[in-house]
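The values are calculated or read from the model by the stated rules, or taken from the named source; none is laboratory data. Bear in mind the structure is a predicted one, so any value in this text is a computation, not a measurement. Note that each Cβ is placed from the backbone with ideal geometry, even for glycine, and that neighbours are counted across all protein chains shown. With ligands, DNA and RNA removed, areas are computed over all heavy atoms of the protein, side chains included. Shrake-Rupley method; radii C 1.70, N 1.55, O 1.52, S 1.80 Å.
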Amino acid sequence: MNCCSRCLGLALTLATLAVFGDPVPVEVAAYEGGFTLVRDGKPYLVRGAGAAGVDLATVAARGGNSIRTWGIEEAEETLDSAHEHGLTVSMGLPVAAERFGFDYDDAASIAGQRQNVENAVERHKDHPALLAWIIGNELDMRHTNPRVYNEVNELSRLIHALDPNHPTTTTISALDRETVELVRERAPDLDFISLQAYGALALMPRAIKYLREGPFMITEWGPLGHWEVGKTRWGAPIEQTSTEKGRHYLESYRTLIAPFLGPCLGSYAFLWGQKQERTHTWFSLFTETGESTAAVDVLEAVWTGRVPANQAPAIRSMRLARRPATDSVRLAAGKRYPAKTDATDPDGDRLVFHWSIKPESTETVVGGDFEASIADLDGAFAGDPTQAQVTVVAPDSPGQYRLFVMAYDGQGHAAHANIPFLVYGKRQ
């Protein structure tokens, strides 16, 4: 490389750094009798998703404009990738909840946490993709010390002193008036509050009476949670199919989010990615191998007004031993039973099926805390498990299990359903 080439390369590098070093100012402003985010001088409605472990290009391709995080792991890479795809980021800051053992009466712990927050803000505050700072996640869950929100207020003041260009918020898991008023009273420095609700989002028409007193955002919403659904006679939660979840996302957005935009600054759907939470499918908008489900199609439709060119398959029903999940299916150890799903594809794509059986989760953690994945059982089927109908060989050991089916269309989309079942007796 000659001297001119080296100089040109250095100039391009400095130009890139200059672009990435210029913050884009964001504020909350009064707007048409309500509130809006204003980004770079223009109203900005969040159409976003909580993203984890996926290519952020998929958010932009579906019409989203923002993502949120739950921490600062790989923050720089996330911000850079978001900026590359025209997305903004509401960045989660490392602020611990009491349920993890943090003591909000311990001055040394508080000082250490403040330093961690200061370090994160100083490092990322000027990135042009940054939209807002989220101070902790669901700090209200199982909390006993209201001083947590005094500290949230102090952290908000610290952040504003370091970064006057981006608003602050904290997320709460309850839609009740008492919690909302507690946060607003003890943390008035926050620019807005953030709500996280699943089935409880149905309370919005009543909650708006006190929510509209200030700006708010919905930073998590999605299917019915495992704590909100019907259960088998032995207490296993009955999960919606991916098709039912798609309908639930659509109804939730149309009736419980869109009508309240104004005081509501926008929303982040959960979860643009894949995770284990009671099952590997419960909150995951994508499969473990990256296929999108019906809820992703719904989000594209509500974000853009257009229907995707090729859509995810739909599952009409699933049965084990000729019975649905609501029948609390019981199987004798070692016996064989038919299992069948009725699935279709709106585009006429050929469907390939994958069946699996896993032991039922025994986790009791709350708030989406980490759960280890659960391995499939071997020898669970007789015949070809790629068809819509299979023969299940009930496990030899008595206990709780769950039968899953995935339907793939070969176009990057999938549908899924599962049935919890109980095995009794011993193999004869």
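Other residues within the sphere of radius under 13 Å centred on the Cβ of residue 112, judged by their own Cβ, net out at -3 (K and R +1, D and E -1). Candidate cross-link partners of residue 426 among the aspartates and glutamates, defined by an alpha-carbon separation under 13 Å and a same-chain spacing of 8 or more, comprise 396. Cross-link partners for residue 42 among the aspartates and glutamates, with Cα-Cα distance under 18 Å and sequence neighbours closer than 8 places in the same chain left out: 22, 27, 32, 191. Run the numbers on the chain and let me know its relative contact order in percent, using alpha-carbon pairs under 8 Å that are six or more apart. Worked out over the chain, it gives 14 percent. Bridgeable lysines around residue 340 (alpha carbons under 23 Å apart, same-chain partners fewer than 8 residues away excluded): 231, 245, 358. Evaluated at q = 0.08, 0.12, 0.14 Å⁻¹, the base-10 log of the normalised Debye intensity for the chain, with identical point scatterers placed on the Cα atoms, takes the values -0.50, -1.01, -1.25. Inter-label distance, residue 126 to residue 377: 5.9 nm, where each label sits 7 Å from its Cα along the C-beta direction. Protection proxy ranking, highest mean first, for peptides 247-253, 36-42: 247-253, 36-42, where packing is the per-residue count of other beta-carbon atoms within 10 Å, averaged. Relative to the Cα centre, the charge distribution of the stretch 36-153, modelled as +1 at Lys and Arg Cβ and -1 at Asp and Glu Cβ, gives a dipole magnitude of about 540 debye.
Ordering of 339-351, 101-113, 50-62, 413-425 by packing is 413-425, 50-62, 339-351, 101-113, highest average first (other Cβ atoms within 10 Å, averaged per residue). Amide H contacts of residue 90: 67, 68, 69, 131, 132, each under 5 Å away and 5 or more positions distant or on a separate chain (H built 1.01 Å from N in the peptide plane; Pro and chain starts excluded).
Placing +1 on the Cβ of every Lys and Arg and -1 on the Cβ of every Asp and Glu, with nothing else charged, gives the chain a dipole about its Cα centre of roughly 1760 debye. Oblate is the label for the stretch 317-428. Its Cα gyration tensor axes, ordered a ≥ b ≥ c, give a/c of at least 1.5 and b/c at or above a/b. Given +1 at the Cβ of Lys and Arg, -1 at the Cβ of Asp and Glu and no other charges, the dipole of the stretch 117-231 around its Cα centre is 360 debye to the nearest 20. Farthest toward the positive end of the dipole of the chain, out of 328, 351, 131, is the Cα of 328, where the dipole comes from beta carbon charges about the Cα centre. Rolling a 1.4 Å probe over the protein heavy atoms of the stretch 272-428, with every protein chain left in place, gives an accessible area that is 46 percent carbon and sulfur. Amide H contacts of residue 282 (H built 1.01 Å from N, in plane; Pro and chain starts excluded): 277 sit under 5 Å, all sequence-distant by 5 or more or on other chains. Determine the share of the stretch 50-109's accessible area contributed by carbon and sulfur atoms, expressed in whole percent, with a 1.4 angstrom probe. Carbon-and-sulfur percentage of accessible area, whole number: 49. Couplings 3J(HN,Hα) for the stretch 331-339, derived from phi with the Karplus relation 6.51 cos²θ - 1.76 cosθ + 1.60 (θ = phi - 60°), are 10, 7, 3, x, 7, 9, 9, x, 10 Hz, where x marks Gly and Pro. Between the amide H of residue 402 and those of 358, 360, 421, distances stay under 5 Å, these residues lying 5 or more places away or on another chain, with hydrogens modeled in the peptide plane. Restricting to the chain, compute how many DSSP beta bridges are antiparallel as a %, nearest 5. Taking every DSSP beta bridge within the chain, about 55 percent pair in antiparallel fashion.
The HN-Hα couplings worked out from phi for the stretch 118-124 by the Karplus form 6.51 cos²θ - 1.76 cosθ + 1.60 (θ = phi - 60°) are 4, 4, 5, 5, 4, 6, 10 Hz, whole numbers, x standing for Gly and Pro.
Evaluating 6.51 cos²θ - 1.76 cosθ + 1.60 at θ = phi - 60° for every residue in the stretch 282-296, the Karplus couplings come out as 4, 10, 7, 7, 10, 7, 4, 9, x, 6, 8, 10, 4, 5, 5 Hz, glycine and proline recorded as x.
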